[in-house]
1. Does residue 98 meet the test of being among the aliphatic types (A, V, I, L, M), on the phi < 0 side of the Ramachandran plot and near the ligand (Cβ under 8 Å from one of its atoms)?
2. So which residues in the stretch 66-102 are in contact with a Gly (Cβ under 7 Å, 6 or more places away or on another chain) and assigned to a strand (DSSP E or B), if there are any at all?
3. If you take the residues of the stretch 105-132 that are of a type in the set (A, V, I, L, M, F, W, C) and modelled with pLDDT of 95 or more, which of them is nearest to the chain's Cα centre (by Cα)?
4. Out of the residues in the stretch 37-59 that are over 22 Å from residue 138 (Cβ atoms) and buried (at least 23 other Cβ atoms within 10 Å of the Cβ), state the one that is nearest to the ligand (Cβ to nearest atom).
Amino acid sequence: MTDNTDEFFSRKLDDSRQSVLIDLLKAQVDITFFHERWMYTTDWWRNATNVLDVGCGTGYYAHKLSSFSTHKHIVGVDLQEGLIAEARKHHAIESESLKLEFKVGDYESVERNSNDVIIARLLLQHLADVSLFLNWAANSLQKNGKMIIVEPIDNEAYFFPPFDFYWEFLRRFREAEIEAKGDRDIQDQLEVLLRRHSFTIEENRKTVVPSIGPVKESMFKAISLVPELKVVPLSEDEEIRYHQELTDWYHNQDSYGHLTLRTIIASKI
Ligand SMILES: C[S@@+](CC[C@H](N)C(=O)[O-])C[C@H]1O[C@@H](n2cnc3c(N)ncnc32)[C@H](O)[C@@H]1O
């Protein structure tokens, strides 16, 4: 794990920072799951037994799946010990028809190679090498197994406040990211990469999701962690201005735009 985002996710966060992430991931799943339920009414999902949720965070998405799941063994894996502790505490299930368990570690540490479905939600953007991941995923899936990929489409997001300063910050953040680790906007390459790794694409949908309600407060708190990534060093003045403008803006909004997600279902040939 080489980049700043991964370092951020992989080091142990203190309790208050961790609770920000826990709240944010929950709030995001609450608004996005509604738009993803269709996948879990398909025959291939109904017939699947072994499911792996890679980068499962707090396990809240896997938990949402439990109401669509019988005779399944779902394993969630994540680098973050604290998030997995949270997942185990609230979402582990062991019943006759459903086992939901969580493991700490890099996806490569998962040994099960007979998965019917791999879920990779909001994960690829954090990986230094997407090809390595797809190679691993192709080996970990059964023939005809499915991989669900959900990724934000960055340049179609209307997620952030309408301040010049904020967009300037994002522009610098993105430039610094590209300089540090190459262009990570993999949207255009994703289909090509998937084909190269023995997948066919069954669905490729865009969904525009409103960013409202509970996401507002947790997103604001999470954005305040961004300077910790240290990708863009901010001066003291900039930091004060940035926080003040954001705080005022967020406290006066009911809604702050939309996030565009791409959902791909790829099948292993
Ligand atoms: C934005 S969160 C998405 C969480 C969850 N999938 C969801 O949709 O709410 C990305 C997660 O991927 C995890 N992650 C990043 N790189 C990973 C890796 N190499 N192996 C396992 N987990 C990883 C991070 O720790 C983080 O919890």
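1. On the way: among the aliphatic types (A, V, I, L, M): yes; on the phi < 0 side of the Ramachandran plot: yes; near the ligand (Cβ under 8 Å from one of its atoms): no.
So residue 98 fails the test.
2. 76, 77, 78, 102 - these are the residues of the stretch 66-102 that are in contact with a Gly (Cβ under 7 Å, 6 or more places away or on another chain) and assigned to a strand (DSSP E or B).
3. My answer is 120.
4. Checking each candidate, the answer is 57.
The values are calculated or read from the model by the stated rules, or taken from the named source; none is laboratory data. Source: prediction; values computed, not measured. Neighbour counts run over all protein chains shown; Cβ positions are idealised from the backbone, glycine included.
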